[in-house]
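The values are calculated or read from the model by the stated rules, or taken from the named source; none is laboratory data. Remember, predicted model here, so these are calculated numbers, not experimental data. We place every Cβ from the backbone using ideal geometry, glycine too, and count neighbours over all the protein chains shown. Note: accessible area is taken over every heavy atom of the protein model, side chains too, but ligands, DNA and RNA are not part of it. Shrake-Rupley method; radii C 1.70, N 1.55, O 1.52, S 1.80 Å.
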Amino acid sequence: MRTRQAPLPEDYVGLPEVEVDARIVLAKEKLGSKLVILGHHYQRDAIIQHADFRGDSYKLAKDAGSHPEAEFIVFCGVHFMAESADILTPPSQKVILPNMAAGCSMADMANIFQVNNCWKALGSLVDLQGVVPVTYINSAANLKAFVGERDGTVCTSTNAPSAVEWALNKGEKVLFFPDQHLGRNTGVRLGYDPSDMVLWDPFKPMGGNTAEQIERAKFILWKGHCSVHSRFTVAQIAKAREEYPDVNVIVHPECELSVVQASDDNGSTAYIIKAVESAPAGTTWAVGTEINLVQRLANENPDKTIFCLDPQICPCSTMYRIHPSFLLYALEELVEGRVVNQVLVPEEIAEPSRNALAQMLLLP
Ligand code: 13P
Ligand code: SF4
């Protein structure tokens, strides 16, 4: 869920980049081991250079609890990631999101009222004992709680196949939200056909399906998507292959099924990084994911040709809201003993969410 962010105090606006950097370094020094900065791979370089740890959402969720010495975890990523970190850390640790308006447009495509309505509607047709809810980690904490209360699981792009396999061993159907594409790609990867899946449109009665379609479906996929990854197309892949006949095309599984199928490989941000970094020198890579990551990969691997599939720059506009000035402000407030932008999930939501996240961490 995206929250409002008060404007930065005037003396933080328009500061020269070098000054912001130097003051961040100084604040970090003053806070010492009381502070850990986590950075998601989609953050800009100006932020990543200050991160103590960087990773994909799975690693960052897993690692959130492994810095017990830190009183403050400053999360340079988006709101749902900071919420997961808060859920997985003890109350003595405070999780801070430098800009509270850094949400995720995909996560905002499913809210608890809509999911409750969907569940009620499904219950009028099928035995809910056989429906296992799986939420992508890109979702608000109250949706993770919904899943935890119904013995489902959270998943990330790293473990979505294990999560869905686990769910379908346990029940007859999986309700997957909020990303239809990750759900569909995962189902196909596990050997299911798109015809085993229905799309649930929260704005239509019965999600836009007939009772018969729902009864027959193995997958009920929420009609959500990522605005960054839905920009990648099969035509872009064809063009990359035409220009570079030896190109390796690798995309994130939030892309449409046709794009995933036209690519050579797909996986989480960490998977993409590993695949490209471990490839032989001289290879060529067209990457279908957020531009900050692709640009960094290109800079850090000058022995390879690496470019973004979409020739128009495609940043994640919400990740981008973590501007260095916001990071500086949050850190200097901590130095002064004031905590700003704390992400605090109420315990009644945190507890069932924790169960759903714990289930995810148990997946193979
Ligand atoms: P990863 O889990 O691969 O880090 O992806 C998170 C995300 O938001 C992708 O758009
Ligand atoms: Fe959300 Fe897409 Fe940005 Fe990832 S890239 S944080 S899914 S909007």
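Using θ = phi - 60° and the Karplus curve 6.51 cos²θ - 1.76 cosθ + 1.60, what whole-Hz ³J(HN,Hα) does each residue of the stretch 13-20 get, with Gly and Pro shown as x?
8, x, 5, x, 3, 4, 5, 4
Between the stretch 5-78 and the stretch 195-257, how far is it from one alpha carbon centroid to the other, in angstrom?
Each part reduced to its Cα centre gives a spacing of 33 Å.
Quick check: residue separation of Gln312 and Asp193 times 0.36 nm, minus the Cα distance between them. What number comes out in nm?
Taking 0.36 nm per residue and subtracting the Cα distance, the gain is 39.6 nm.
Based on DSSP loop calls and a cut-off of at most 13 other Cβ atoms within 10 Å, the longest stretch of the chain free of exposed trypsin sites (Lys or Arg not before Pro) is what?
Free of exposed loop sites, the longest segment is 5-337.
Place a +1 charge on the Cβ of each Lys and Arg in the stretch 1-147 and a -1 charge on the Cβ of each Asp and Glu, then give the dipole magnitude about the Cα centre in debye, rounded to the nearest 20.
For the stretch 1-147, the charge dipole is close to 380 debye.
Using Cα-only point scatterers and the Debye equation, what is log10 of I(q)/I(0) for the stretch 101-145 at each q in 0.17, 0.19 Å⁻¹, rounded to two decimals?
-0.53, -0.64
Tell me the carbon and sulfur percent of the accessible area for the chain, rounded to whole percent, probe radius 1.4 Å.
52 percent
Hey, what do the phi angles of the stretch 131-148 turn into as Karplus ³J(HN,Hα) couplings, whole Hz, using 6.51/-1.76/1.60 and θ = phi - 60°, x for Gly and Pro?
10, 9, x, 10, 10, 5, 4, 6, 7, 5, 4, 5, 6, 5, 5, 3, 5, x
Could you give the size of the charge dipole of the stretch 1-86 about its Cα centre, using +1 on the Cβ of each K and R and -1 on the Cβ of each D and E, expressed in debye and rounded to the nearest 20?
Charge dipole of the stretch 1-86: 220 debye, to the nearest 20.
Mind listing the phi-derived Karplus ³J(HN,Hα) values for the stretch 213-228, rounded to whole Hz, using 6.51, -1.76 and 1.60 with θ = phi - 60°, and x for any glycine or proline?
4, 5, 4, 7, 6, 8, 10, 10, 9, 5, 7, x, 7, 9, 5, 6
List the residues whose amide H sits under 5 Å from the amide H of Asn248, counting only those 5 or more places along or on another chain, with H placed 1.01 Å from N in the peptide plane.
So Asn248 has HN proximity to Thr284, Trp285, Ala286.
For the chain, what does the alpha-carbon gyration tensor say about shape, rounded, prolate or oblate, given a ≥ b ≥ c as the root eigenvalues, a/c under 1.5 as rounded, and a/b over b/c as prolate?
Oblate, because a/c is 1.5 or more while a/b does not exceed b/c.
For the stretch 250-340, which GluC sites (Glu not before Pro) are in a loop by DSSP, counting at most 11 other Cβ atoms within 10 Å?
Listed in order of number, the matching sites are Glu336.
Only four residue types carry charge here, +1 at the Cβ of Lys and Arg and -1 at the Cβ of Asp and Glu. Report the dipole size of the chain about the Cα centre in Debye, rounded to the nearest 20.
480 debye
What nm value, rounded to one decimal, do you get for the distance between Ala211 and Asn117 when each label is placed 7 Å out toward the C-beta?
2.1 nm
Can you give me the relative contact order of the stretch 1-145 as a percent, contacts being Cα pairs under 8 Å and 6 or more apart?
Reported as a whole number, the value is 25 percent.
When only alpha-carbon atoms are used, what values of Rg and Dmax, in angstrom, describe the stretch 53-132?
16.5, 50
Any chance you could look up the accessible area of Trp200 with a 1.4 Å probe, heavy atoms only, rounded to 10 Å²?
For Trp200, the solvent-accessible surface is approximately 10 Å².
Placing +1 on the Cβ of each Lys and Arg and -1 on the Cβ of each Asp and Glu in the stretch 190-249, which of Ile220, Val234, Pro194 has its Cα farthest towards the positive end of the resulting dipole?
About the Cα centre, the residue reaching furthest to the positive side is Ile220.
Please compute the net charge surrounding Val345, taking Lys and Arg as +1 and Asp and Glu as -1 over other residues with Cβ under 13 Å from its Cβ.
With Lys, Arg at +1 and Asp, Glu at -1, the neighbours total -2.
Let me cross-check Met206: its accessible surface, 1.4 Å probe, with only protein heavy atoms counted, in Å² to the nearest 10?
50 Å²
Using the beta-carbon distance between Thr283 and Leu344 and R0 = 45 Å, what value does 1/(1 + (r/R0)^6) give for FRET efficiency, to the nearest 0.05?
Approximately 0.50, to the nearest 0.05.
When the C-alpha atoms of the stretch 160-248 are aligned to their principal axes, what extent does each axis show, in angstrom, from largest down?
Sorted from largest, the Cα extents of the stretch 160-248 read 47, 30, 20 Å.
Please work out how much accessible surface Glu149 shows to a 1.4 Å probe, ignoring ligands, DNA and RNA, in Å² rounded to 10.
120 Å²
Taking a 1.4 Å probe, which of Ser317, Ser230, Ser157 shows the most accessible area, and what order do the others take after it?
So the residues, ranked largest to smallest area, are Ser317, Ser230, Ser157.
Grab the alpha carbons of the stretch 258-300, take their convex hull, and tell me the volume per residue in Å³.
That works out to 75 Å³ per residue.
Based solely on its DSSP helices, what 222 nm [θ] is calculated for the chain when runs of n ≥ 4 H residues each add -39,500 (n - 2.57) and the sum is averaged over all residues, nearest 500 deg cm²/dmol?
It comes out at -12000 deg cm²/dmol, rounded to the nearest 500.
Quick one: give the max-minus-min coordinate of the C-alpha atoms of the stretch 224-349 along each principal axis, largest first, in Å.
Principal extents (Cα only, largest first): 57, 35, 25 Å.
May I ask you to derive the relative contact order of the chain, considering only C-alpha pairs under 8 Å and at least 6 residues apart, and to give it as an integer percent?
Result for the chain is 22 percent.
Report the local net charge at Glu19: Lys and Arg +1, Asp and Glu -1, summed over other residues whose C-beta lies under 13 Å from its C-beta.
My count for the surroundings of Glu19 gives -3.
When ligands, DNA and RNA are left out and all protein chains stay put, how many square angstrom of accessible area per residue does the stretch 109-266 have with a 1.4 Å probe?
Per residue, the stretch 109-266 has an accessible area of 41 Å².
From the Cα gyration tensor of the stretch 1-40, with a ≥ b ≥ c the square roots of its eigenvalues, which class applies: rounded if a/c is under 1.5, or else prolate if a/b is larger than b/c, or else oblate?
Oblate.
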